[in-house]
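Computed from the coordinates by the stated procedures, all read-outs in this text should not be read as laboratory data. Note that the coordinates shown come from a computational prediction; the quantities given were computed from them, not determined experimentally. Don't worry about glycine lacking a Cβ; one is built from the backbone with ideal geometry, like all the others, and counts go over all protein chains shown.
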Amino acid sequence: MTNTQQQMLGSKAQALANAKRLLRHGQHKEAAEQAREVIRGDDRDAEAFRLLGMALRAAGDLEDAKQAEDKSIVLSSLHPNIFQATMALAENRLDAAERLLRAHLKDQPDDAATLRLLAEIGARMAQFDAAENLLVQALVVAPEFTAARRLLDRVRLGRDRSTASREGQFQRPAPSADTDATDHYAEALQLYEKVVELYPDSPENWASYGHVLRTVGQ
C-alpha cells in the first residue's frame, strides 16, 4: 500500500470516528455533513451511509434518513463476509454463517444487515429472546428495515408457539427450514444482481450468479 493510500484510509477512518463523536454529542447536522464528506470520497462505504441515516433521523429528516439507511443495508449485504453468510444460511450451514457474521460485527457493531442475519440464526435455533434482542438493535439503527420487522414478527410468533406447546396447547407448525432456504436464495439472487451490476468484469461473480439462478429454477 502506498503512502497516499494509507493517508486516504487514515483520513476516512478519522472522518468516520468524528461523525460518530458528533452523533454521540447530539450534533446531528454536523455528523450528517461529516458522513456526506466520506461518501463524496467513497460512495460504497456502508458505515458512512449508516451514520448519515442515524444523523438525519435524529435531526428529523426522515425521508432522507430512510434512503441512507436502505443504501447502507444494501452495501453491507454486498460485503463478502455478509454475502457468504447469506449463502450459508440458504444452505442451512448455520455455524459457518454465524462465524462470518460475528467476525464482521466486531468491526461494525451497529450493522443492521448483520444483526438481522444473526437474528435469523437465533430464530432457526429457537433462541427467540436472543433473536429479538438483535432485531431490536437493528431497528434502532434502521427503524424502517422491512426484513428485520418481518423477522421480528416471526420470532415473536415462534416464541408464542413455543410457550403454548410447553403449556400443552395445540399450535400450527412453524414454517420449515426449506421455506427459510428459499427466502435466502431469493435474497442471494437479488444481491448477485447488484453485484454483477457493480462489478461486471468479474467472471467469478457471473459464475456464482448462474449457480444461484440454477438453484432457484431460473
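Things worth noting here:
- Computed magnitude of the charge dipole of region 3-70 (debye, nearest 20; Cβ of K, R +1, Cβ of D, E -1): 280
- Residues LEU191, LEU198, LEU135, LEU101, arranged from fewest to most other Cβ atoms within 10 angstrom of their Cβ, appear as LEU198, LEU191, LEU101, LEU135.
- Counting other Cβ atoms within 10 Å as a rough exposure proxy, the listed residues MET125, MET54, MET87 run MET125, MET87, MET54 from fewest neighbours to most.
- Relative contact order of region 3-70, pairs being alpha-carbon contacts under 8 Å that are 6 or more residues apart, as %: 25
- Excluding same-chain neighbours fewer than eight residues apart, the lysines reachable from LYS20 by a Cα-Cα span under 25 Å are LYS12, LYS29, LYS66, LYS71, LYS106.
- Note on ASP95, ASP160: ascending count of other Cβ atoms within 10 Å places them as ASP95, ASP160, the fewest first.
- Principal axis extents of the C-alpha atoms in region 3-70 (largest first, rounded to whole Å): 40, 24, 13.
- Full extension of the chain between ALA126 and HIS211 yields a length gain of 27.6 nm, computed as 0.36 nm times the residue separation minus the alpha carbon distance.
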